[in-house]
1. Based on the Cβ-Cβ distance of ASP54 and LYS136, what FRET efficiency does E = 1/(1 + (r/R0)^6) give at R0 = 30 Å, to the nearest 0.05?
2. Taking only DSSP H segments of four or more residues, each worth -39500 (n - 2.57), what value at 222 nm results for the chain once the sum is divided by all its residues, to the nearest 500 deg cm²/dmol?
3. Which order do the peptides 119-125, 2-8 take when ranked by the mean count of other beta-carbon atoms within 10 Å per residue, highest first?
4. So, R0 is 22 Å and r is the distance between the beta-carbons of LYS119 and GLU174; what FRET efficiency does that work out to, to 0.05?
5. Residues in the stretch 56-77, backbone N under 12 Å from the label point at LEU102 (7 Å along the Cα-to-beta-carbon vector): list them, ranges by number please.
6. Per residue Cα convex hull volume for the stretch 1-145, in cubic angstrom?
7. Given +1 on the Cβ of Lys and Arg, -1 on the Cβ of Asp and Glu, and no further charges, what dipole in debye does the stretch 1-89 carry about its Cα centre, rounded to the nearest 20?
8. Using the Karplus curve 6.51 cos²θ - 1.76 cosθ + 1.60 with θ = phi - 60°, work out ³J(HN,Hα) for each residue of the stretch 88-104 in order, rounded to whole Hz, and write x for Gly and Pro.
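The values are calculated or read from the model by the stated rules, or taken from the named source; none is laboratory data. Nothing here was measured: the structure is a model prediction, and the numbers come from that model. Here the Cβ positions follow ideal geometry from the backbone for every residue, glycine too, while neighbour counts run over all protein chains shown. These accessible areas exclude ligands, DNA and RNA; they are computed on the full protein's heavy atoms, side chains included. Shrake-Rupley method; radii C 1.70, N 1.55, O 1.52, S 1.80 Å.
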Amino acid sequence: MRKLGMIGGMSWVSTGIYYDRINRIVQRRAAPMASAPLLIESLDFCQLYAIREDKDWKRAASILAESAKRLEGAGAQALIINANSMHKLYDDVAAAVDIPILHIAEFVGKALKKAGRKKAALIGTRNVMTESFYRKRLVAHGIDLLPPNMVNVETLDRIIYDELMVGKFTRDAERTMKTIITNKAQEGADSIVLACTELDLIVDVDANVLPVFDSTRIHCEAAANWILEQEAAD
């Protein structure tokens, strides 16, 4: 098996989810006693929280790039960044190392295309929903995206940053997500992309009014495929 590095800590909740899911997939496919060879650097999320200013993004890019270099130096043969929003810095981090980084949106786009989806609603943090760095990756796979609803953007930022990232999961948040997804179906979406690594904690990914493509599950599957040198899931 190949050794994968994980830039984590955004938040610790998602880092735990990634660790658990990747190991479960590897164990299921490789052997009952197998575990994934992972190198994890869990960063202090206080330095990366709800960034808005350019100068703060530059500082974040430096933090992630240095983390990537340390993981490469420790023997990682590829990397993942376990946060959708931090893929805004993908190019900066990729330029700092000589090993590949598995881009979360690339694998989400491939999954949507494989499933024959044409028009998706993207749900995540403010920068994921409103900026081009993530959206263009999905569009490149032939996926049309509904425009972001700014009321939803504010609501989702509150749920993600004030609740999910500190390990708080409420019925109110679950009901809000169900309403948002129902509205997206009425607006013509044929699928939902959960582009926040904690959102599946309050969304029933397997039973909803629309097919839900969970970026966390998809990214973990891609990571396990890479570790096991497999092209696709069994």
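1. Details: r = 20 Å, r/R0 = 0.65.
Plugging the Cβ-Cβ distance into 1/(1 + (r/R0)^6) gives 0.95.
2. Details: 9 runs with 107 residues, N = 234.
When only DSSP H runs of four or more count, the value is -14000 deg cm²/dmol.
3. Details: 119-125: 23.7, 2-8: 21.6.
Packing proxy ranking, top to bottom: 119-125, 2-8.
4. Numbers: r = 25 Å, r/R0 = 1.12.
Efficiency, rounded to the nearest 0.05: 0.35.
5. Correct set: 77.
6. On the way: hull volume 17.0 nm³, N = 145.
Taking only Cα atoms, the stretch 1-145 has a hull volume of 117 Å³ per residue.
7. Details: 13 positive and 8 negative charges, 72 e Å.
Value, rounded to 20: 340 debye.
8. These are the phi-based 3J(HN,Hα) values: 4, 9, 3, 4, 5, 5, 4, 6, 8, 10, 10, 10, x, 10, 7, 6, 4 Hz.
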